[in-house]
Amino acid sequence: MKSKKGEIRLHEILDAGEQLFSQKGYDETTINDVLSRVDIGKGTFYHYFDSKLSLMTSIIERMMGQLAQMVTDIANDSSLAAHDKMTKVLLQLNQSGSEAHGMIEGQSAPQNAILHQAGIVASVHSMTPILAKIIEQGIDEGVYHTPYPFETIEFILASNQFYFDVSAFGWQKEEMYQKGKSFIRIMTLSLGATAGSFDFLLPFFEAQVNKEMS
């Protein structure tokens, strides 16, 4: 078990890595850059991480943990109806999740594939149980209608992250927006929600497409 001082040092290294990867990109950031930013020696770095890749992986895991806590806080808010919770969660996830995505852009292909896959698995595992509870609340409130709340949101989360990976499929801008509209319809039908329930995502999705394809 790490001491209080050790925990502080760990987060200092994570913070430095996150800042550097965001500013310089993964490939252009070296371990020496991290050492200089935190003012530590290599021995201290390798006490916590065995490589630059393991540092990046830990940063993404921390981001996922923070997202999961944010989603849990929304899900536990007893003052909100289920669809209000889902709306708030989806908007927050789309905004905050793009930060983690941006962290791994520009890496060499093998590393990108490893991190991308790990990110999808971690996201699906952490988010599915929380969002399934919101869907179950929605079923009780009569706004969602599905016999498979857990599996439905699991499928939605996994397919969303993989289907809209431009680097994997090479979608064009026009294709991306059309696929976004169809995905929202599929999600609406899968959850048994009223038509138009998730159309609030369209403007955000269009903005993200423009950003990705620019």
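The values are calculated or read from the model by the stated rules, or taken from the named source; none is laboratory data. This structure is a prediction, so every number in the text was calculated from the model and none was measured. Note that each Cβ is placed from the backbone with ideal geometry, even for glycine, and that neighbours are counted across all protein chains shown. Heads up: the accessible areas ignore ligands, DNA and RNA and are worked out on the full protein's heavy atoms, side chains in. Shrake-Rupley method; radii C 1.70, N 1.55, O 1.52, S 1.80 Å.
A few points about this structure:
- Contact map, segment 31-42: first residue without any contact (Cβ under 8 Å) to a residue 40 or more places away in the chain, second residue among the acidic types (D, E) and part of a helix (DSSP H, G or I), Cβ cut-off under 9 Å, separation 6 or more or different chains; pairs are R37/E12; R37/D15; V38/E12; V38/D15; I40/E12.
Here's the yes/no breakdown for (1) closer than 30 Å to R62 by Cβ; (2) at pLDDT 85 or above:
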position: E136; (1), (2): yes, yes
position: D140; (1), (2): no, yes
position: P147; (1), (2): no, yes
position: E151; (1), (2): yes, yes
position: F162; (1), (2): yes, no
position: D165; (1), (2): yes, no
position: R185; (1), (2): no, yes
position: T188; (1), (2): no, yes
position: G196; (1), (2): no, yes
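- Hits in segment 198-212 (condition: more than 21 Å from I120 (Cα to Cα), assigned to a helix (DSSP H, G or I) and modelled with pLDDT of 80 or more): L202, P203
- Scoring D165 on the criteria (1) closer than 30 Å to L53 by Cβ; (2) open to solvent by 40 Å² or more (accessible area, probe 1.4 Å) leaves a single failure, condition (2).
- Qualifying residue in segment 46-62 (condition: of a type in the set (V, I, T) and either closer than 27 Å to G192 by Cα or touching a His at 6+ places or on another chain (Cβ under 9 Å) (or both)): no
- In summary, Q69 fulfils each of the numbered conditions (1) over 14 Å from the mean Cα position of the chain (by Cα); (2) free of Cβ contacts under 8 Å to residues at least 24 places away in the same chain with the single exception of condition (1).
- Flag set for Q66, criterion: within 30 Å of S197 (Cα to Cα), assigned to a helix (DSSP H, G or I), open to solvent by 20 Å² or more (accessible area, probe 1.4 Å) and at pLDDT below 90.
- The test for being surrounded by 14 or more Cβ atoms within 10 Å (Cβ to Cβ), under 21 Å from the mean Cα position of the chain (by Cα) and farther than 19 Å from A118 by Cβ does not hold for L35.
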